[in-house]
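The values are calculated or read from the model by the stated rules, or taken from the named source; none is laboratory data. All figures in this text were calculated on a predicted structure; none of them were measured in a lab. We place every Cβ from the backbone using ideal geometry, glycine too, and count neighbours over all the protein chains shown. Note: areas computed on protein heavy atoms with side chains; ligands, DNA, RNA excluded. Shrake-Rupley method; radii C 1.70, N 1.55, O 1.52, S 1.80 Å.
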Amino acid sequence: MDEMDYELSKYDKVTKLLLNFKFLPQMQGFEFLRSAILYYWEKGEDLSGITTEVYPILAKKYNTQITSIERNIRKVIDKAYTFGGLLSLNDYFDTIVYTNKFKFSNNEIIAIFVELLKLDQLKQSICDKNVCD
């Protein structure tokens, strides 16, 4: 996947998800994180190889260093943590799954958001079959 182009609806879904969790779009890491999530959502396989696979692809796409990709993603996660944005995981699951007492790693955040998107996709496909009320 050279260009990392995605259908607009998936791009919008990831953007809305990140905004709901108080990730700041004005931070450079926002775009890097969104691209990493989209990459793994499209890939549809296991989420291994974050640093060895997606960081080099993003570095090439954005004409920057791999360390810059990692650092900027970490910064945007730290800012969302500071704003309590990750507490929205509790709203999503309607139970307490996160207390803001620890910070997720870049890999964990990417994996969590990819899984949330997959769950929403599964829920939508079930509802499309008129199973939902």
Cβ pairs under 6 Å, 6+ apart, first in the range 32-47 and open to solvent by 10 Å² or more (accessible area, probe 1.4 Å), second among the aromatic types (Phe, Trp, Tyr)
47/40
For residue 25, state whether it is in a loop (DSSP other than H, G, I, E, B) and without any contact (Cβ under 8 Å) to a residue 12 or more places away in the chain.
yes
Could you tell me whether residue 100 is in contact with a helix residue (DSSP H, G or I) (Cβ under 9 Å, 6 or more places away or on another chain), under 17 Å from residue 21 (Cβ atoms) and free of Cβ contacts under 8 Å to residues at least 40 places away in the same chain?
yes
If you go through the range 32-53 one residue at a time, do you hit one that is modelled with pLDDT under 80 and part of a helix (DSSP H, G or I)?
yes
Hey, residue 97 β-branched (Val, Ile, Thr), out of contact with any Asp or Glu (no Cβ under 8 Å at 6 or more places or on another chain) and not in a helix (DSSP H, G or I) or not:
yes
Residue 112: more than 15 Å from residue 18 (Cα to Cα) and in contact with a helix residue (DSSP H, G or I) (Cβ under 8 Å, 6 or more places away or on another chain), yes or no?
no
For the range 65-87, indicate whether the set of residues that are open to solvent by less than 50 Å² (accessible area, probe 1.4 Å), modelled with pLDDT of 90 or more and not in a helix (DSSP H, G or I) is non-empty.
no
